[in-house]
Amino acid sequence: MATKNAELTVQKHSKIGASSYSRWSRTHGGCPGSVQLSEGLESPESEYAREGTMAHEIAAQVLEHHFFTQGERYTIPHGTTAETMEAIKVYTDFIKKEATRARAAIDKGHVLIEQKLDLSSVYPGLFGTADAIVYHPHEKKLSVVDYKHGAGIAVDVEDNLQLQYYGLGALLSTGFPCDKVELVIVQPRCGGEDIKKWEFSSVELLDFAADLASDAKATEEVGAELVPGKHCRFCPAAATKCPAIKTQAQILAKLEFKQGLKYDPKDLDKALKFLPALEAWIKQVREFAYGEAVHGRPLEGWKIVAKRGTRKWTSSEEDIVGYLTDATKKKENDFYNRSLKSPSQVEKLISKQIGTKLRTMMATVSSGYNLVPESDGRPAVLLDPKSEFGKIED
């Protein structure tokens, strides 16, 4: 069995791959019709996506060098920031420690980096790539690790469809005797927990395999259902080709909601449920139009302009502060802002024992309220309409 993947370049993605499963999964409220609608279309790669791709490639090189090619040289791409390397180190250190803890035998393929996963036995066309897999032979456990470089939205590991897809693929592709599967997300740049784990019996993936096969088949049905939702944000066809979004938007545009005006609560419910899809569509249209203009294909009546400029220092901090202290006779501290790090940032610097005491010095305070569906797991809050009116957030 191969212990490493020498090809670190990005391979062709499955049209029914793991990263888009939440979009096309009929079982989980996704849009099976989006697969056929997106045929031949590519989502424009954002700056953040390019940064994430580069971080994954660097991380793979670091781990390949550590486990398999220690005699070979590798270089970090020019321009890679210290923040990126610090985040990558959190991920690579975890894999190294996990391999040590698992007493993984490298020569037996117990550590797999950028491992290709074949799920064609579940349904043709299902495949993907796992960032890292570590097999624990003494526990008969597979740890499937996914590195998230993004700093925007924290990704949950429990019930994560992408990770379950990878977990099933690892189970089928490695052939190791396996009683348990552990899914791990490493996301160092988003605040909160850097590493999240979810462990369960490998048998539980059999039910997931049935859902995955059913969902994959649904994408190939003639007239596969189009279901607008938050997932439209990641659909290549949403901005230009989706008739479901257009039709629903036209219907809702005719509705009017004003204080004191009679309305049908069912219409309001329908409008609220469609807003995430509409908001996702609006954002994608803006990004699509921007991408067209950047690539020299602007629409008539539109143009690219520079954002409002902000002043930045060009000299070294030492030279600037040195000049200011000499010129103004003020102290160095007068030219610095000092603030305490957040609780999440501080907790990363201290032991659990110190953290227990520190928790008596902090509180979790909500900044306001959100209107959410009844299916949301958070408890409802009882409000006094007179005192709270105007505080509710979108």
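Key figures for this structure:
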item	result
In the range 194-216, residue surrounded by the most Cβ atoms within 10 Å (Cβ to Cβ) [restricted to those that are touching a strand residue (DSSP E or B) at 6+ places or on another chain (Cβ under 9 Å) and not in a strand (DSSP E or B)]	LEU205
Some residue of the range 101-115 being closer than 22 Å to SER22 by Cβ and either part of a loop (DSSP other than H, G, I, E, B) or of a type outside the set (Asp, Glu) (or both)	yes
Counted residues, the range 219-243 - those being surrounded by fewer than 20 Cβ atoms within 10 Å (Cβ to Cβ), hydrophobic (A, V, I, L, M, F, W, C) and assigned to a helix (DSSP H, G or I)	1
Counted residues, the range 357-394 - those being assigned to a helix (DSSP H, G or I), surrounded by 10 or more Cβ atoms within 10 Å (Cβ to Cβ) and modelled with pLDDT of 75 or more	2
Conditions (1) surrounded by 13 or more Cβ atoms within 10 Å (Cβ to Cβ); (2) without any contact (Cβ under 8 Å) to a residue 12 or more places away in the chain: number failed by GLN250	(1)
Among the candidates VAL157, VAL144, VAL122, residue that is in a loop (DSSP other than H, G, I, E, B), modelled with pLDDT of 95 or more and under 27 Å from MET85 (Cβ atoms)	VAL157
Scope the range 80-100; condition buried (at least 18 other Cβ atoms within 10 Å of the Cβ) and part of a loop (DSSP other than H, G, I, E, B); matching residues	none
Index of the failed condition, ARG308 passing every other in (1) farther than 28 Å from SER46 by Cβ; (2) among the basic types (Lys, Arg); (3) under 35 Å from the mean Cα position of the chain (by Cα)	(1)
Subset of the range 285-300 (residues that are surrounded by 11 or more Cβ atoms within 10 Å (Cβ to Cβ) and either of a type in the set (Lys, Arg) or in contact with a helix residue (DSSP H, G or I) (Cβ under 6 Å, 6 or more places away or on another chain) (or both))	ARG286
Leading residue by the ranking (surrounded by the fewest Cβ atoms within 10 Å (Cβ to Cβ)) among those in the range 30-79 that are in a helix (DSSP H, G or I) and free of Cβ contacts under 8 Å to residues at least 24 places away in the same chain	GLU47
Scan of the range 253-272 for residues that are closer than 21 Å to GLY30 by Cα and touching a helix residue (DSSP H, G or I) at 6+ places or on another chain (Cβ under 9 Å), ordered by number	LYS270, ALA271
Candidates THR310, THR325, filtered to the one that is surrounded by fewer than 11 Cβ atoms within 10 Å (Cβ to Cβ), outside the structural domain of GLY192 (by TED's automatic domain parsing) and polar (S, T, N, Q)	THR310
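The values are calculated or read from the model by the stated rules, or taken from the named source; none is laboratory data. Just so it is clear, the structure is predicted and the values come from calculations on it, not from any experiment. Methodologically, a virtual Cβ is constructed for each residue, glycine included, from the backbone with ideal geometry; neighbour enumeration extends over all protein chains shown.
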